[in-house]
1. Once you compute Rg and the Kirkwood Rh from C-alpha atoms, what is the Rg to Rh ratio for region 46-118?
2. Count the net charge of all other residues whose Cβ sits under 12 Å from the Cβ of Ser53, scoring Lys and Arg as +1 and Asp and Glu as -1.
3. List the pairs from Lys152/Lys180; Lys92/Lys163; Lys163/Lys191; Lys83/Lys166 whose alpha-carbon separation is above 19 Å, in the order I gave them.
4. Amide H to amide H under 5 Å from Ser201: which residues, 5+ apart in sequence or cross-chain, H placed 1.01 Å off N in plane?
5. As a test of the formula, what do you get for the chain when each DSSP H run with n ≥ 4 contributes -39,500 (n - 2.57) and the sum is divided by the residue count, at 222 nm and rounded to the nearest 500 deg cm²/dmol?
6. Sort the following peptides by mean Cβ neighbour count (other Cβ atoms within 10 Å, averaged over residues), highest first: 32-41, 108-117.
7. With unit charges on the beta carbon (Lys/Arg positive, Asp/Glu negative), name the residue among Val158, Leu185, Ile144 whose Cα is farthest towards the positive pole of the charge dipole of region 139-193.
8. Starting with the fewest neighbours, write out Asp15, Asp194 ranked by other beta-carbon atoms found within 10 Å of each beta-carbon.
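No lab work stands behind these numbers, since they all come straight from the coordinates. Because the structure is predicted, anything quoted here is derived from the model rather than measured. As a convention, Cβ positions derive from the backbone with ideal geometry for all residues, glycine included, and neighbour counts pool all protein chains shown.
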Amino acid sequence: PANCKVQLMVQGAQDSTACFAPVIVDGCKFDCAGTLNGSVVIDRCGVCGGDGSSCLECNTVDIASTQLLLDGNANRQNALIKKGLRQLLNKKNTKSNKIFVESVRSSAQSLATESWQTAYSIPQIITSCANTVFCAQVSNIAQIDKYNENAKALDSLVRSVAKRLKRQGSTKKFVSRYLKQGDLLFTESQKISDSVPRTSSQCN
């Protein structure tokens, strides 16, 4: 506060009178930009007029294409299983084979659907920041591990179908090629999931 005097002047037709009155007022204030009574302030990063992000050191990546690959590969594993099941029924359309086919088809579809849900439960836009004072790290490992677990389960179903095909008289060449397709898809699923960032940042 500043102590000041205010002069009051009363002007009449013939003369005038003046008096002084003491007042207390706020002193002159300048913001960080040098503007009198301005509103610009220094942000948490020490920048005048900043938005508080310059010291967070963040990088952002869009993983939409990776999520599409994760979903697509699970669907391809599912499709391979269905292909093997059709071949099995073509070989021997027995009651036991029908029961096996229905059970495996249901399990494969559930796993593929869960893989789709898991892939898209990871944020599409992932932000990674070096600053640990204002930012916390959120793990994506649970979702990645779940996807890998489902991919492994789908691969196990492929092998189960291949084993039954072999018992039912499918050629060694067909079964070998079928298993090789399954191995390639499983390896691809691991490769894709490895490309997903393990953590993302949330800054206050």
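1. A ratio of 1.47.
2. Neighbour charge sum, excluding Ser53 itself: -2.
3. Lys163/Lys191
4. Correct list: Thr127, Ser128, Cys129, Val138.
5. Result for the chain, helices only: -18000 deg cm²/dmol.
6. The packing order, highest mean first, is 108-117, 32-41.
7. Val158
8. Least crowded to most crowded, the residues run Asp15, Asp194.
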